[in-house]
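Inspection log for the structure reproduced underneath, given as structure tokens.
The values are calculated or read from the model by the stated rules, or taken from the named source; none is laboratory data. Only a predicted model underlies this, so the values are computations on that prediction, with no experimental measurement involved. Note: ideal-geometry Cβ built from the backbone for every residue, glycine included; neighbour counts use all protein chains shown.
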Amino acid sequence: MISPLIISAQVQSCPVSGPCITDLTPLIHSIELAAGLVFGGVTVICFLIAGVLFLTANGEPEKIKQARSALYWGVAGVVVGILAFSIIAIVSGVLTSGSQNTNI
């Protein structure tokens with residue numbers, strides 16, 4: 001007779017020293033923010049390397065070609081990163097708007 005009460009009870013056990021995570025949304029947002037910071041850092045480093053390659057080319061066609069290639073790949077990386085974050089935003093927007101319209 002007591003087992004339904006025990007089974008349906010929701011006990012939330014949280015560690016004493018850390019925060020209690022009951023929803024994955026803040027965790028996913030934190031991971032997305034960290035990935036954005038890493039992406040931004042890598043982008044800046046990539047463009048700095050391309051700039052140094054341009055400055056040290058001294059007019060040599062092969063080095064200029066290498067510097068242009070580094071710059072093009074850096075731009076391609078930025079485009080891919082923007083597309084990735086855009087896809088994440090679109091999918092999360094669709095998922096959250098779909099869960100809010102259940103009372104129609």
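Of note:
- Within the stretch 53-64, the set of residues being surrounded by 14 or more Cβ atoms within 10 Å (Cβ to Cβ) and in a helix (DSSP H, G or I) comprises LEU53, PHE54, LYS63, ILE64.
- Among the residues listed as ALA67, ALA34, ALA50, the single one being surrounded by 10 or more Cβ atoms within 10 Å (Cβ to Cβ), touching a residue at least 24 places away in the same chain (Cβ under 8 Å) and small (Gly, Ala, Ser): ALA50
- Residue pairs whose Cβ atoms lie under 7 Å apart, sitting 6 or more positions apart in sequence or on different chains, and linking a residue in the stretch 77-104 that is within 20 Å of ILE45 (Cα to Cα) to a partner that is modelled with pLDDT of 80 or more and polar (S, T, N, Q), are GLY77/THR43; VAL78/THR43.
- One residue stands out in the stretch 70-104 among those that are modelled with pLDDT of 85 or more and of a type in the set (Gly, Ala, Ser): the one that is surrounded by the most Cβ atoms within 10 Å (Cβ to Cβ), namely GLY74.
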